[in-house]
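What follows is one structure encoded as structure tokens, with my remarks underneath.
Derivation of every value follows stated rules applied to the coordinates shown; laboratory data play no part. If you're wondering where the values come from, they're calculated on a predicted model, not measured in any experiment. No Cβ is skipped: glycine too gets one built from the backbone with ideal geometry, and neighbour counts run over all protein chains shown.
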Amino acid sequence: MADADLGQGADEVQFRFRDDARVDHPAVTVDSFLDQSNATAVRIEPGDDARLLLGHLERLALVEVNFPGFGDGRGYSAARILREAGYTGELRAVGDVLVDQIAAMRRCGFDSFAPAVKLDEADAAAAFDRWPHVYQPTTDGRVPIWKLRHG
């Protein structure tokens, strides 16, 4: 973790797994992003189609994906779509981000987290480290255990 314990309010980053400079301006909505040519940060809300951003990945430095409720998993799909399309900028999970979800979010490509309610540092560290081996290939580059066993 490059940064930790950096705030406690909504949209304040608590965990960040990147070494590059942070984006210093707020994210705009997907519609606003598509209507202008100078925005470099966008916020995806549930119901927004992440595929609309695929033609603009080179100018995006930050994509925030809002999780208004822990049971709404559409943000996982948005993350995977962007990462599989080659997006390499910061991908931040914001909102109702729970400690039992952050490891799966990380595997989908999220590399920064801004939970609405600050997470316990020890619980978060345990969640990120809980599974040393994985079963499915994802965008995080970890080698699945079956491939480790069978080459």
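Note the angle between two axes, namely the Cα long axis of helix 74-84 and the longest principal axis of the Cα atoms of the chain, as a number of degrees from 0 to 90, rounded to the nearest 10.
Long axis of 74-84 versus the principal axis of the chain: about 90 degrees.
Most fluctuating residue of Asp19, Asp111, Asp100 in a GNM of the chain with Cα springs under 10 Å: which is it?
Checking each option, the largest mean-square fluctuation is seen for Asp19.
Pull up the DSSP beta bridges for the chain and report the antiparallel fraction as a percent, rounded to 5.
Values: 4 of 21 bridges.
Beta bridges within the chain, antiparallel portion: roughly 20 percent.
Counting residues in the chain as N, plug N into 2.2 N^0.38 Å and put the Cα Rg over that result.
In units of the 2.2 N^0.38 Å rule of thumb, it is 1.03.
Using +1 on the beta carbon of Lys and Arg, -1 on that of Asp and Glu, and nothing else charged, what's the dipole of the chain about the Cα centre, debye to 20? Before the final figure, lay out each step's value.
Numbers: 17 positive and 25 negative charges, 157 e Å.
Roughly 760 debye, rounded to the nearest 20.
Add +1 for every Lys or Arg and -1 for every Asp or Glu among the other residues with Cβ under 14 Å from the Cβ of His133, and state the total. List each step's numbers first, then the result.
Values: positive: Arg107, Arg130, Arg142, Lys147, Arg149; negative: Asp129, Asp140.
Here the charged neighbours net out to +3.
Pick out which of Arg107, Arg51, Arg74 has the largest mean-square fluctuation in a Gaussian network model of the chain, springs linking Cα atoms closer than 10 Å.
Evaluated over the chain, the most mobile residue of the options is Arg51.
Which of these, Ala21, Ala126, Ala39, has the largest mean-square fluctuation under a Gaussian network model of the chain (Cα springs below 10 Å)?
Result for the chain, Cα springs under 10 Å: Ala21 fluctuates most.
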